[in-house]
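J.: Encoded as structure tokens, here's the structure I'll be asking about.
The values are calculated or read from the model by the stated rules, or taken from the named source; none is laboratory data. Predicted, not measured: the structure shown is a model, and the values here were computed from it. Every residue, glycine as well, gets a Cβ built from its backbone with ideal geometry; the counts of neighbours run over all protein chains shown. These accessible areas exclude ligands, DNA and RNA; they are computed on the full protein's heavy atoms, side chains included. Shrake-Rupley method; radii C 1.70, N 1.55, O 1.52, S 1.80 Å.
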Amino acid sequence: MTSMDRDALLQALLDGELPDAQGRFGPFGGRYVPETLMPAINRLTEAVETIFTTQAFQRALQSELTGWVGRPTALTRCDRLGLQWNAEVWLKREDLAHTGAHKINNAIGQALLAKAIGATRVVAETGAGQHGVATAAACARVGLPCTVYMGAVDVARQAPNVDRMHRLGAEVVSVTSGDRTLRAAIDEAIRDWVTDPKSTYYLIGSAIGPHPYPLLVRNLQAVIGQEARVQMLDRAELPDAVFACVGGGSNSIGLFHAFLGDEEVQLFGVEAGGTGSALGQNSATLAAGRPGVLHGANTMLLYDDDGQIQETHSVSAGLDYPGVGPEHALLQMIGRVKYVSASDTESLDALDELCAMEGILPALESAHALAGARRWAQRNPGTRILIGLSGRGDKDMPILAEVASRKENNDAAA
Amino acid sequence: MLPRDRVTQGIQAAKKPALVAFLTAGYPTREGFQAALSAIASAADVIEIGVPFSDPMADGVTIQRSSETAIRNGVTLHWILDELAACKGKISTPLLLMSYLNPLVAYGYPQLARDAAAAGVSGFMVPDLPLEESAPLRDAFANEGLALVQFVTPATPADRLERLCKQSQGFVYAVTRTGITGGQSELPEDLTEYLSRVKAASPIPVCAGFGVRSAEQVRRIGEHADGVIVGSALVEVLEQGNDPAEFLASLRP
């Protein structure tokens, strides 16, 4: 691919010409779903083009974002952390949004859309449980029953969020098939959707899946970057670099989008490096994957030579996914965003550091963005860095306790 | 004769309704695959061989279970094609492969088309590949005369139904209800109306099924379709070590 091709694709993206009519971001994206779902997908595509763009819908959404979600979220300057890193560090605080993560921006938008197109129930998948909690809350808010599929492994490691979903009125189904994490939860949510595509709305939690989901989710999350860009310009200047964690990639695409046209701003997606670089030890899809088809889209994936999707590992349930949104696959291909990874250990260290320096407990997912930024700051002293703090870490208390006790045991053994 | 026409002819030449039988390759054991295939071939008019996939999102518990075990048994698309090449000439029943798209992507379309044709495969059905995305695979298959079977469902709008039936090769797969494979076994009430619509739209044979497990269901579907597809129920028969040919014979009206 020539630099001219790359520029043309970036321009098309900036001009809103991508995804194209086939739902493609360059070679990525599309709609790879069973025939049973095609009428539902076509209906949703039409709704995204018509209902979603109306003034009435956007007004209703805006009113929920300010009055119920609590937007705009704060931009926090971190002087103590900055001193430590020899950088000017800013955090976009999605952890302060209602239910504790950026997921709510998407959940409330799609719940309003589900209602507008006459769906009578909502299904969703969740990894860390943040999307499940956000969907449960949004469905309660608009008055729709909801069922959340969650891998059995995640149900165990994110117990506080399971309780919150129940409290908010959602039915939580523990998924014991497949890899029993986010990927299996998506498989199961799709199976539910296939069973009744007419009245069930699938409220997907990341910028993944068949068209129009990657577009819809990005548009709902773009508010993160739009606010952050204005806030940065108000209080300083554009950042030199922007960091966000990437699992499916919804908070990162939302943060990056407003900065895509700012050539001087470097963008970095941080994937989960887990415990190592071998298949199965990480969830670094863009670093280690190749193009393939899963969950409705042609995108970068982790799979073996026979096409079987690989099990992934990350200490963070929200990043533990073998695929990535198709728009990220394009942004990597054209070189506009660089994708790096942070290991479990680096991310846990970054989490501790933010607690100690700034009094903020980040989600394990967001800690990956911090770890990536910290490493970059060491090589680029004196720079201005914006980090997407996608969520708060309260949900991670059981994992953090487990990690701590494992460490104690190891230390005792040594 | 082109491989894809063998499927159409196999259904047309069969005693009505034709029986289309599904098994997951290498399940319950890898060693038993060729024997299972021969037994089924003696009783079915077309055989669908399931290529196991890690994320069978359109399948119910039976085929999820068989796929998981088959993958653990070391079943791959390469292995399946090798096995089929080894028993080529011994089985005259037309063979189709049922696979999710990613194993086909991993194999590479042109090589796949050549190897499948050489192994005696007549075509493919790909549950996560709608018509809109099918051109690259369809083109690769066209070079070898392989069929790409399209699915239609009760929720398919009339204009789309028309298009799918015209583009389908071998036969049209009429899914009899929304949902995943296997599971509930009652036939929908509007079955007659639905299958008549598909038949009217289709220039090639129509085979129907989803959760078929009794002779009565085969009879009822057979009144309105050219063939009946039996999947999960047959996989369970193989799972229990029972005779698949005997089971299939018991389904004939």
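J.: Sort A:102-108, B:158-164 for me by packing, meaning the mean count of neighbouring Cβ atoms within 10 Å per residue, highest on top.
T.: The densest-packed peptide leads the list: A:102-108, B:158-164.
J.: Rounded to the nearest 20 debye, what is the charge dipole size of the range B:111-253 about its Cα centre when +1 sits on each Lys and Arg Cβ and -1 on each Asp and Glu Cβ?
T.: Value, rounded to 20: 320 debye.
J.: Now a separate question. How well do other chains shield peptide B:89-101, expressed as the mean number of their Cβ atoms within 10 Å of each residue Cβ?
T.: 1
J.: Placing unit charges on C-beta atoms (Lys and Arg positive, Asp and Glu negative, everything else neutral), compute the dipole magnitude of the protein assembly as shown about its Cα centre in debye, rounded to 20.
T.: 880
J.: With every protein chain present, what is the per residue accessible area of the range B:210-253 (1.4 Å probe, Å²)?
T.: 39
J.: For the range B:93-107, what does the Karplus curve 6.51 cos²θ - 1.76 cosθ + 1.60, with θ = phi - 60°, yield as ³J(HN,Hα) per residue in whole Hz, taken in order and with x for Gly and Pro?
T.: Going residue by residue, I get 5, x, 10, 10, 9, 9, 9, 5, 6, 4, x, 6, 4, 5, 6 Hz, with x marking Gly and Pro.
J.: If you restrict to DSSP beta bridges whose two residues both lie in the protein assembly as shown, what percentage is antiparallel, to the nearest 5?
T.: Counting DSSP beta bridges with both partners in the protein assembly as shown, the antiparallel share is about 20 percent.
J.: May I ask you to evaluate 6.51 cos²θ - 1.76 cosθ + 1.60, the Karplus curve with θ = phi - 60°, for each residue of the range A:192-208 and list the ³J(HN,Hα) values in order in whole Hz, giving x for glycine and proline?
T.: 5, 4, 4, 6, 8, x, 6, 10, 8, 10, 8, 9, 6, x, 9, 7, 10
J.: Roughly to the nearest percent, how much of the accessible area of the range A:247-394 is carbon and sulfur, given a 1.4 Å probe?
T.: Of all accessible area on the range A:247-394, carbon and sulfur atoms account for 44 percent.
J.: Continuing with this model, one more query. Taking amide H atoms as placed 1.01 Å from N in the peptide plane, list the residues 5 or more away in sequence, or in a different chain, whose amide H sits under 5 Å from that of residue B:152.
T.: Under 5 Å from the amide H of residue B:152: B:173, B:174, B:175.
J.: Let me ask something else. Based on Cα positions only, what radius of gyration and what Dmax would you give for the range B:3-251, in angstroms?
T.: Calculated on Cα positions, Rg and Dmax stand at 16.4, 46 Å.
J.: Taking θ as phi - 60°, what are the ³J(HN,Hα) couplings along the range A:336-351 by the Karplus curve (6.51, -1.76, 1.60), each to the nearest whole Hz, with x for Gly and Pro?
T.: My calculation for the range A:336-351 gives 6, 10, 9, 10, 10, 9, 10, 6, 3, 5, 4, 6, 5, 4, 5, 5 Hz in order.
J.: Using the heavy atoms of the protein chains and a 1.4 angstrom probe, tell me the accessible area per residue for chain A in square angstrom.
T.: It amounts to 35 Å² per residue over chain A.
J.: Okay, moving on. Choose one of B:148, B:127, B:63: the residue whose Cα lies farthest towards the positive end of the charge dipole of the range B:3-251 (beta-carbon charges +1 Lys, Arg; -1 Asp, Glu; about the Cα centre).
T.: Most positive-ward Cα: B:148.
J.: Could you give the size of the charge dipole of chain B about its Cα centre, using +1 on the Cβ of each K and R and -1 on the Cβ of each D and E, expressed in debye and rounded to the nearest 20?
T.: It comes to approximately 520 debye.
J.: Can you give me the long-range amide H partners of residue A:125? Hydrogens built in the peptide plane at 1.01 Å from N, cutoff under 5 Å, separation of 5 or more residues or another chain.
T.: A:149, A:205
J.: Okay, moving on. What FRET efficiency comes out for the pair residue B:114/residue B:223, r = Cβ-Cβ distance, R0 = 45 Å, nearest 0.05?
T.: Taking R0 as 45 Å, the efficiency between residue B:114 and residue B:223 is 0.65.
J.: Further question: Along the positive direction of the dipole of chain A (beta-carbon charges: Lys, Arg +1; Asp, Glu -1; about the Cα centre), which of A:329, A:138, A:212 reaches farthest?
T.: Of the listed residues, the answer is A:138.
J.: I need the fraction of alpha carbon pairs in the range A:330-414 separated by more than 17 Å, rounded to a whole percent.
T.: 56
J.: Looking at this model, which pairs from A:115/A:198; A:198/B:166; B:166/B:199 are more than 19 angstrom apart at the alpha-carbon?
T.: Cα-Cα > 19 Å for A:198/B:166; rest within.
J.: So what are the range A:273-414's ellipsoid semi-axes, whole angstrom, largest first, if each one is the square root of 5 times an eigenvalue of the alpha-carbon gyration tensor?
T.: They are 27, 21, 13 Å, listed largest first.
J.: Separate question: Check which residues have an amide H placed less than 5 Å from residue B:128's amide H, if you skip close sequence neighbours.
T.: B:101
J.: Oh, and also: Mind listing the Cα extents of the range B:91-195 along all three principal axes, in Å, largest one first?
T.: Result, largest extent first: 43, 31, 25 Å.
J.: So what's the range A:1-154 giving for Cα Rg divided by 2.2 N^0.38 Å, two decimals?
T.: Ratio of Cα Rg to 2.2 N^0.38 Å: 1.28.
J.: Further, regarding this structure: Can you give the accessible area buried between chains A and B, summed over both chains, with a 1.4 Å probe, in Å² to the nearest 100?
T.: 2700
J.: Calculate log10 I(q)/I(0) of the range A:292-367 for q = 0.12, 0.13, 0.17, 0.20 Å⁻¹, where I(q) comes from the Debye formula with a single equal point scatterer on each Cα and nothing for solvent.
T.: For the requested q values the scattering log ratios are -0.46, -0.53, -0.80, -0.97.
J.: I need the calculated FRET efficiency for the pair residue A:50 and residue B:72, taking r as the beta carbon distance and R₀ as 35 Å, to the nearest 0.05.
T.: Efficiency, from the Cβ-Cβ distance: 0.15.
J.: Right, next: Under a straight-distance cross-link criterion of Cα-Cα below 16 Å, which lysines are reachable from residue A:338, leaving out those fewer than 8 residues away in the same chain?
T.: none
J.: Just to be sure I understand: if I project the alpha-carbon convex hull of the range A:152-282 onto a plane and average over all orientations, what area do I get in nm²?
T.: It is 11.0 nm².
J.: Also, I was wondering about something else. Please work out the average accessible area per residue across the range B:47-93, using the 1.4 Å probe convention, and give it in Å².
T.: That works out to 37 Å² per residue.
J.: Output the direction-averaged projected area (hull surface divided by four) of the convex hull of the alpha-carbon atoms of the protein assembly as shown, in nm².
T.: Taking the Cα atoms of the protein assembly as shown, their convex hull projects to 29.8 nm² on average.
J.: Among A:404, A:101, A:278, whose mean-square fluctuation peaks in a Gaussian network model of chain A (Cα, cutoff 10 Å)?
T.: In the Gaussian network model the winner is A:404.
J.: Among residues other than residue B:118 whose Cβ falls under 14 Å from its Cβ, what is the net charge (Lys/Arg +1, Asp/Glu -1)?
T.: Result for the neighbourhood of residue B:118: -2.
J.: Sticking with this one: Students sometimes get this wrong: rank B:190, A:234 by accessible area, probe 1.4 Å, all chains present, largest first.
T.: Listed by decreasing accessible area, they come as A:234, B:190.
J.: With both partners inside the range A:228-357, how many of the DSSP beta bridges are antiparallel, as a percent to the nearest 5?
T.: That works out to approximately 35 percent antiparallel.
J.: Scattering from the C-alpha atoms of the range A:187-243 alone, worked out with Debye: what is log10 I(q)/I(0) at q = 0.15, 0.24, 0.29 1/Å?
T.: Log-scaled intensity ratios, in q order: -0.60, -0.97, -1.13.
J.: Related question: Suppose we look only past 21 Å in the calculated P(r) of the range B:1-126. What percent of the Cα-Cα pairs does that tail hold?
T.: Every Cα pair in the range B:1-126 considered, those over 21 Å come to 36 percent.
J.: Could you tell me what percent of the accessible area of the range B:3-251 is made up of carbon and sulfur, with a 1.4 Å probe and every protein chain present?
T.: The C+S portion of the solvent-accessible surface of the range B:3-251 is 50 percent.
J.: Please find the FRET efficiency linking residue A:20 to residue A:196, where r is the Cβ-Cβ separation and R0 is fixed at 35 Å, and quote it to the nearest 0.05.
T.: With R0 = 35 Å, the Cβ-Cβ based efficiency is 0.70.
J.: What average number of partner chain Cβ atoms lie no more than 10 Å from the Cβ of the residues making up A:303-315?
T.: 5
J.: What is the spin-label model distance, in nm, from residue A:174 to residue A:4 if the labels are put 7 Å beyond Cα along the C-beta direction?
T.: Distance between label points: 5.9 nm.
J.: Could you calculate the contour length gain from residue A:156 to residue A:380, that is, 0.36 nm times the residue separation minus the distance between their Cα atoms, to one decimal place in nm?
T.: Roughly 76.7 nm would be gained on extension.
J.: Evaluate the distance, in nm, between pseudo-label points positioned 7 Å from the Cα of residue A:275 and of residue A:68 along their respective Cα→Cβ axes.
T.: 4.2
J.: Can you give the mean number of other chain Cβ atoms that lie within 10 Å of the Cβ atoms in peptide B:103-111?
T.: Across B:103-111, the average partner-chain Cβ count within 10 Å equals 3.
J.: To continue, here is another question. Hey, can you list the residues from the range B:170-196 whose accessible area shrinks by 20 Å² or more with all protein chains present, relative to the chain by itself (probe 1.4 Å, no ligands or nucleic acids)?
T.: B:178, B:179, B:180
J.: Taking the Cα centre of the protein assembly as shown as the origin and placing charges on Cβ (Lys, Arg +1; Asp, Glu -1), which of B:103, A:172, A:241 is farthest toward the positive end of the dipole?
T.: Sorting the options by dipole projection puts first A:172.
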